[in-house]
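Right, one structure below, let's go through it.
The values are calculated or read from the model by the stated rules, or taken from the named source; none is laboratory data. A quick note: this is a predicted structure, and the numbers were derived from the prediction, not measured. Counting neighbours? That spans all protein chains shown, and the Cβs are built from the backbone with ideal geometry, glycine included. These area figures cover heavy atoms from the full protein model, side chains too; ligands, DNA and RNA do not enter into them. Shrake-Rupley method; radii C 1.70, N 1.55, O 1.52, S 1.80 Å.
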Amino acid sequence: MTRPRFAVLISGRGSNMQALLAAARAPDFPAEPALVLSNVADAPGLSLTGTVPTAAIPHRGQPDREAHERLLAEAIDASGATLVCLAGYMRRLTPFLVRHYAGRMINIHPSLLPSFPGLDTHARALAAGVRLHGCTVHFVSEGVDEGPIIAQAAVAVAPDDTEDTLAARVLAQEHALYPRALALVATGRARLVDGRCVLDAPAVAGAFANPA
Ligand code: GRF
């Protein structure tokens with residue numbers, strides 16, 4: 001069986017990228033990594049990819065966002081990757097990249113969307129007093145953190161949680177959830193249809209992860 005290939009885009013430490021690469025080492029994982037790409041030349045995650053090729057394409061020095069994204073797309077397409085996973089990629093995307101990978105690009109976000117899009121999600125969840133927090137994997141659309149939801153994992157907020165303790169529990173769920181969501185997309189069991197994520201019924205259980 002030929003497994004579709006995926007690229008991972010990172011800007012920082014790359015722990016979700018590592019979770020994806022670790023999952024893909026299993027022979028029955030339905031996708032294989034082709035490239036880890038960063039817009040930050042010294043992103044710590046670039047040194048944690050093992051045998052998976054890396055590239056850095058800094059956004060600085062490019063005339064505009066789209067020019068940078070065209071270089072990213074060239075590198076991704078040349079690697080043979082047909083799927084793209086954003087994993088802590090800290091650049092807003094233009095319609096060019098979103099459309100180029102429509103239905104083929106996914107992102108992980110550290111909140112239960114549509115609550116808390118954007119940054120500082122854990123502090124905002126604590127300030128809001130929510131009892132459940134978590135993470136979401138979604139198809140990337142033109143709005144930031146707005147794309148159709150593929151999978152979510154919830155964690156209970158403890159009375160004594162700090163931003164750090166809550167972030168750590170959510171991150172553990174991110175690492176469990178993201179490979180499951182990628183597997184759903186790689187096998188076509190989760191797909192983008194008319195702006196919504198359609199999930200095959202037998203796949204639904206794969207779209208949740210629960211706190212240990
Ligand atoms: C994660 O919390 C992810 O949800 C968010 O950025 C963070 C990246 O962390 N988009 P890492 O680089 O994967 O460790």
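Using only helices, what value at 222 nm comes out for the chain when you add -39,500 (n - 2.57) per DSSP H run of length 4 or more and divide by the total residues, to the nearest 500 deg cm²/dmol? Write down the numbers at each step before the final one.
Numbers: 5 runs with 62 residues, N = 212.
Mean residue ellipticity, 222 nm, calculated: -9000 deg cm²/dmol.
Can you tell me what share of the DSSP beta bridges in the chain is antiparallel? A percent to the nearest 5 is fine.
Details: 15 of 33 bridges.
Antiparallel: roughly 45 percent of the beta bridges in the chain.
Counting heavy atoms of the protein chains only and a 1.4 Å probe, report the per residue accessible area for the chain as a whole number of Å². Kindly include the intermediate steps, with their values, before the conclusion.
Numbers: 10130 Å² over 212 residues.
Ligands and nucleic acids excluded, the figure is 48 Å² per residue.
Sites listed here are GluC sites (Glu not before Pro) in segment 108-166 whose DSSP assignment is loop and whose Cβ has at most 16 other Cβ atoms within 10 Å: Glu142, Glu146. A convex hull fitted around the alpha carbon atoms of the chain yields 123 Å³ per residue.
With the convex hull constructed from alpha-carbon coordinates only, segment 24-132 shows a mean projected area of 8.9 nm² over all directions.
Carbon and sulfur together cover what percent of the accessible area of segment 142-196 at a 1.4 Å probe radius? C and S atoms contribute 51 percent here.
The simple spin-label model puts a point 7 Å past each Cα toward its Cβ; for Ala168 and Thr187 those points are separated by 3.3 nm.
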